[in-house]
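What follows is one structure encoded as structure tokens, with my remarks underneath.
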Amino acid sequence: MSTLPEALRPWAAQLSLFSEDLALSLGHHVARLAAALGPLRARNELEGGEPQGYDGLSRRGSPERLLMSEWLMALEAPDEFVRRAAFGEQSFLRTAYRQPQSGRRTVALLDAGPDQLGSPRIAHLALLVVLARRAEAAGATFSWGVLQSPPKKQPFSTVDAAAIGQWLKSANAAPPLQAQLAAWREVLELGRAPEDVWLVGGARLARLPGAEDLSRVAVDEVVAPGARQLSVEVRPASRPARQVVLDLPPAPQCVRLLRDPFAAAVAAPVLDASNGAVRSIHFSADGLRLMMAYANGSVSAQVLPQSPRDTVPKPKRFLLPSGERVVATGWRRTGGLLVVTWNQARLCLGVYGTLRGRQGHVWTIPHTALVEPLRFPLTSEPPLLALSLMREGRESVLVLDSTHTLRPLLGDERSLVQPLRGVTALFERRGGLFFVDRDRQEDRGIAMPRTGCLLPNAFDGWIQTLPVEGSGEAYFGHAKDSAQKDPGPPLAVRHQPGRWWVTRDSHDEKQGVMVTVAEGLRVVGLCCWPVDTARPGLVVLGQDERTFYRVPADGVPEFLVTAPARVVTSCVSPAQPVLAWLTEKGEVCGWSFQHRALVYRSMPGGKP
């Protein structure tokens, strides 16, 4: 890897497995740990071997190996010669020996128990790179394995993508046991005085019987407010201990190192022919499920995986009865697919699926029973957004109709303090409903976008007018800490053509900044990843209708991903860092900002 700094060139072969940014981050740890471990020490002359000339100088030796300069001093300054001999200051030639290299080896046994999960494994990965290169430089073999794994399936002899991939999957909920260490010692034939064997893990490894004569590396997380560090103590069997403190890389790089360091994981395509081609997609109000409407009128709710390696859950499906048309879809807060259908002047409101002990229900609502008529979408338009809220144990079902008016269909109408009209964004979180709508001020004859939060359980929400003038087109983004109560979620609102007002806290309008979007780019959502960035970035679709970019505060687009075909519709989840799109070929994809990879891919075809 030619782009590595000069200081990391000794480990270039091992670091070349990783991408450039991960190699640089891991390389910093590798250099620190290599200095703490030191080189693999040469065998002592007393161990024997075939003599092979001389390889240096020594303060001890036989008279025939005394340097000629020392004999000259014996002739010219005999008193000084005697003094140097008495104080061990004379110089001798040091004999070199040819050692049987096949007998030298380095062994590393890693703890994959509960106290080493997460960030400590980054230090484990750096240690594997160090020990592999250290053994190679000394002409020794290198073997390594996981203490909790059966020795017959391991050890590994190389540090490559295949071996590291298996190591990443070896996380164990149980700590290492004495029997496991004994099994490893027997299989590896370590004997009573092993030469270079390292136990890597927590402090508990030192208490295992049989670990007394082994070298150890103790890895612990630094427990301090705001600290993102690892404390590594290197304890060789025959040398003093050394302490190293490692600063962790940024959170996105840590996740990539622990989940998919080689960017090899890709989401396997899901062949879906049971409901026909997908016609439209949108996220549920809580942002946790992707709602898909099909050409045959059926709908489904799909939970997107959080990683390319995760298993794709089965979707919740609704098959449309004959003579009905889907009007709105969503996800019930207490669990279940929420579907509103229309059939002969009446609405059928159904909850399908069970969760938390609640069974599904179907209600029939005459259209004339509604306070205001519900404006249905056209046949060619996607279904409306439906959601439910809980207030004092009673459930209210709401629908955002075609006129962008949020109205109740079922339950206590007081769940809305006042009618919400001109709604352009909705986000349900922890029972609170965040929204952006148009507040028409009759005295000025204009409608100003505003944001707020309705808490139906307490009626103590907040509403405030936003400092923007445009149409109010808006998108919510996922928050860094969803457990926070006071701050609102990140928000982006269109101010003028090509200009968007973006804030990390929708409850504090003073934090907002204006972001300029170049002509030809279409805003489709708000990206808040990495979470430690100063400002969220707008997610835009390029002029080719295939390439997505992230536009930060400086207005310079950053490439994200390119779809395999022209994108028909796309959306960004307000609850998790995931972008979803539907192509003209009917392919639905979910792309993770965190992993920068596809986590979901559905293609039309296959067997029902």
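In table form, for the structure just shown:
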| quantity | calculated |
| --- | --- |
| Paramagnetic label zone (point 7 Å from Cα along Cα-to-C-beta, Glu89; backbone N under 14 Å) in the stretch 60-76 | 70, 73-74 |
| Cut-off under 5 Å, modelled amide H: who pairs with Glu473 long-range | Arg494 |
| Likely footprinting exposure, Glu428, Glu70, fewest C-beta neighbours within 10 Å first | Glu70, Glu428 |
| HN-Hα J in Hz across the stretch 73-86 - Karplus 6.51, -1.76, 1.60, θ = phi - 60°, x for Gly and Pro | 5, 5, 7, 8, 9, x, 5, 5, 4, 5, 5, 5, 5, 5 |
| Glu64 versus Glu6: modelled label distance in nm, points set 7 Å from Cα along the beta carbon direction | 4.5 |
| Rounded to whole Å, sorted largest first: equivalent-ellipsoid semi-axes of the stretch 52-98, Cα gyration tensor | 22, 10, 6 |
| Order by protection proxy (mean Cβ within 10 Å, highest first), peptides 139-151, 373-385 | 139-151, 373-385 |
| Point-to-point label distance, Phe559-Val222, nm (Cα→Cβ direction, 7 Å offset) | 3.6 |
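Values quoted throughout were computed directly from the atomic coordinates according to the rules given, and no laboratory measurement underlies them. The model shown is predicted, which means the values in this text are computed figures rather than measured ones. Neighbour counts are summed over all protein chains in view; Cβ atoms, including those assigned to glycine, are modelled from backbone coordinates with ideal geometry.
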